[in-house]
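Peer 1: Pasting in a structure now, in structure tokens, and then I'll have a few things to ask.
The values are calculated or read from the model by the stated rules, or taken from the named source; none is laboratory data. None of the values given here were measured: they were computed from a predicted structure. Positions of Cβ are backbone-derived with ideal geometry, glycine not excepted, and every protein chain shown enters the neighbour counts.
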Amino acid sequence: MRARRWCRRNSAVRQRNVAIARKVAADAAEVRRHNPALAAQLNLAAYRLADTVDVRDQLMSTVTTTYTSRLTGHTSDVVSISFAPRSTVLATVSWDRTVRLWDVGNAHRPVQLAVLHEPLRLLSVAFGRGGSVLAAASEGSVRLWDVRGGAAAAVLAGHSNPVPAVAFGPHGDTLATGGNDFTIRLSDTPAWIGSPLESATAPTRGSPERNGHGTSRRRTTTRPAPPHDHGK
């Protein structure tokens with residue numbers, strides 16, 4: 001008699017655990033897209049409560065699925081992104097006039113490191129000098145930022161229209177900018193990071209060189225700014 005009661009009691013407990021486990025697994029499926037870490041924890045708890053085939057399958061799907069994380073903060077279109085060389089630092093720029101730096105070493109838990117403000121809508125971004133300098137191109141100019149100090153280091157003027165493209169050379173010292181004014185400009189980036197600078201655009205000797213696209217190519221030289229000018 002006692003054995004029957006014990007069996008009935010165990011059966012009731014088992015059925016209750018299975019019902020709870022399936023409910024927890026269903027909750028995990030609902031949050032998986034937005035919070036994969038929580039979904040994995042819920043599925044593991046459900047499996048420990050009742051190791052049924054359907055709960056186990058739900059747990060396995062959590063483990064084997066590739067998840068994406070969202071970087072939130074920008075309030076307008078994100079138009080360009082760039083990874084720092086050999087680093088987990090990511091730069092994103094937006095029409096909301098901000099550059100945001102992120103540490104995405106843990107893809108499920110990205111960390112916002114800094115927000116850099118620009119006066120105009122941004123169009124493109126690139127890292128140079130091993131990730132210590134950042135070029136942010138906007139509708140009016142190209143600004144160089146000291147990534148380590150989070151300070152604007154120089155403004156490269158010269159383009160008369162928005163600058164939708166920036167790229168550093170393989171060694172990170174030469175910056176190429178492409179503008180809607182039909183020009184490509186090359187700027188030397190010497191070891192002045194951290195000091196206030198301004199830039200002056202000067203044509204190369206003779207007439208500006210014309211490339212195959214009918215656009216001119218000029219080299220930009222950079223000189224220290226006077227003490228009252230902080231390059232902003």
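Peer 1: What residue, of G194, G130, G172, is outside any loop (DSSP other than H, G, I, E, B), at positive phi and modelled with pLDDT under 90?
Peer 2: Exactly one residue qualifies, and that residue is G130.
Peer 1: Specify which of the listed residues (R148, R129, R121) is exposed (fewer than 15 other Cβ atoms within 10 Å of the Cβ) and under 19 Å from S82 (Cα atoms).
Peer 2: Within the list R148, R129, R121, the selection yields R148.
Peer 1: Same structure, new question: Taking the options T72, T62, T88, name whichever one is crowded, with 19+ Cβ neighbours inside 10 Å, of a type outside the set (G, A, S) and closer than 18 Å to H108 by Cα.
Peer 2: Being crowded, with 19+ Cβ neighbours inside 10 Å, of a type outside the set (G, A, S) and closer than 18 Å to H108 by Cα holds for just one of T72, T62, T88, which is T62.
Peer 1: Separate question: If I filter region 29-51 down to residues being loosely packed, with under 14 Cβ neighbours inside 10 Å and charged (D, E, K, R), which single residue comes out as nearest to L71 (Cα to Cα)?
Peer 2: R33
Peer 1: Right, here's the next one. Kindly provide the set of residues from region 79-98 that are outside any loop (DSSP other than H, G, I, E, B) and not polar (S, T, N, Q), ordered by number.
Peer 2: Passing the criteria: V79, I81, F83, V89, L90, A91, V93.
Peer 1: Taking region 125-142, which residues are without any contact (Cβ under 8 Å) to a residue 60 or more places away in the chain and not hydroxyl-bearing (S, T, Y)?
Peer 2: Scanning region 125-142 gives V125, A126, F127, G130, G131, L134, A135, A136, A137, E139, G140, V142.
Peer 1: Considering only region 168-181, how many residues are within 12 Å of G140 (Cα to Cα) and surrounded by fewer than 18 Cβ atoms within 10 Å (Cβ to Cβ)?
Peer 2: Count: 2.
Peer 1: Continuing with this model, one more query. For the condition in a loop (DSSP other than H, G, I, E, B), in the same structural domain as D173 (by TED's automatic domain parsing) and either closer than 24 Å to A152 by Cα or out of contact with any Asp or Glu (no Cβ under 9 Å at 6 or more places or on another chain) (or both), what is the one hit in L116, L120, L101, L71?
Peer 2: Of the residues listed, the single one that is in a loop (DSSP other than H, G, I, E, B), in the same structural domain as D173 (by TED's automatic domain parsing) and either closer than 24 Å to A152 by Cα or out of contact with any Asp or Glu (no Cβ under 9 Å at 6 or more places or on another chain) (or both) is L120.
Peer 1: Let me ask something additional. Suppose the filter is in contact (Cβ under 8 Å) with a residue 12 or more places away in the chain, in contact with a strand residue (DSSP E or B) (Cβ under 6 Å, 6 or more places away or on another chain) and buried (at least 18 other Cβ atoms within 10 Å of the Cβ); does A165 pass it?
Peer 2: When the stated conditions are applied, A165 does not pass them.
Peer 1: If you check V89, V111, which single one turns out to be β-branched (V, I, T), touching a helix residue (DSSP H, G or I) at 6+ places or on another chain (Cβ under 8 Å) and closer than 29 Å to A39 by Cα?
Peer 2: Going through V89, V111 in turn, the sole match is V89.
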